[in-house]
Amino acid sequence: MEPFPDQFMEFHPIHGTNVRLDHSGTQATRVESFANGVCFSKQPLKPGEIFLIEIEDKELGWCGHLRIGLTARDPRTLEVVPEYSIPDLTELGDSWVFAITRNHNKILDEPEVQEAGDRGLAGGQRLGRGEDGDMGGGDNMKPKMFFTDSHLFIENFRIPKDKLVGRSRPGRYSHILDDLYKTNILPPTARRSRIGVLYVPKGTDLGDMHIIINGEDMGASAKGIPTIQPLYAVVDVFAATKCVRIVQVEYGFSSLQTLCRKAIQKHVVHRMAIDWLELPAVLKHYCQYE
């Protein structure tokens, strides 16, 4: 695996008409309706580089949730940003988008599908469903044990787990709720869940798209994706998902701020105890929320 330098992730200034970005370009909010919430990463992704977002806010009354994936279309070439990622964007071709449902979207490889993906179909072989529906059942609904490994391994790539798992808002029961995120018992569509997308090379000029939900690899949701052109992340702030923010992932040496946070968290019972420490308010906030 070739290491690549960290890049600050932002949303592309081109996005759906109902999306508003904050001043940092890392938070996307759908301000009205339930559609026209399609967003893109500002820069194309490198192989093995994750585009990770956290669900900040939800809006009751709508059916459907976040959608995420990849596109080989440079957002600057779009005359109009499609109203929906599924099916509007995917029907344009060169886009692979996955609907996140309340149940875990774990993809189980099937021999015939695996073979089709290995042959490298021109448009890529998409697995799973393109619309909301139950993907759960069987082993997918069993509580997952949280591995204490520091990294998530996908093919030859290592992704630090430090930022991958969602965390509850600090409170009396936050230490209990945090364990629910770690074991992936809570729905992926819950507030504070973290969902990411990346691709890994598979053969010459081909790749597989992987969805990561709270630190767990859901498997290859699209196979045989052409990687000749740059691939941008797609995030559709759709329906019940109201607001998302980008979570920055550190692949190289951890920053001093990150090291301090890890040391503090290691020596407290749970995050509520951080309030009792004689620390600057900014550092307390960072330790509690990240």
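In the structure shown, the pairs Lys161/Lys182; Lys161/Lys223; Lys46/Lys161; Lys163/Lys284; Lys161/Lys266; Lys106/Lys182 are assessed against 21 Å; a Cα-Cα span above that value is assigned to Lys161/Lys223. Can you tell me how segment 175-249 classifies by the Cα gyration tensor, rounded, prolate or oblate, using a/c under 1.5 as the rounded cut? Judged from the Cα gyration tensor, segment 175-249 comes out prolate (a/c at least 1.5, a/b above b/c). Residues whose amide H falls under 5 Å from that of Glu59, counting only those 5 or more places apart or on a different chain, are Thr241, Lys242, with hydrogens built in the peptide plane.
The slack between Asp22 and Leu279, meaning 0.36 nm per residue of separation minus the straight C-alpha distance, is 89.7 nm.
Protection proxy ranking, highest mean first, for peptides 276-283, 187-194, 231-238: 231-238, 187-194, 276-283, where packing is the per-residue count of other beta-carbon atoms within 10 Å, averaged. If you take all other residues with their beta carbon under 13 Å from the beta carbon of His15, and give Lys and Arg +1 and Asp and Glu -1, the sum is 0. Summarising the amide proton neighbourhood of His65: residues at separation of 5 or more, or on other chains, whose placed amide H is nearer than 5 Å comprise Ala240. Computed from the C-beta positions of Lys262 and Asn103, the FRET efficiency with R₀ = 35 Å rounds to 0.65.
Packing order of peptides 63-69, 176-182, 85-91, 35-41, highest average first: 35-41, 63-69, 85-91, 176-182 (average count of other Cβ atoms within 10 Å over each peptide's residues).
On full extension, the segment bounded by Val80 and Ser174 gains 29.6 nm, given 0.36 nm per residue less the C-alpha separation.
Bear in mind these aren't lab numbers, they're just calculated from the coordinates by the rules spelled out. In this text, all values refer to a predicted model and were calculated from it rather than measured experimentally. Here the Cβ is made from the backbone with ideal geometry for all residues, glycine too, and neighbour counts use every protein chain on show.
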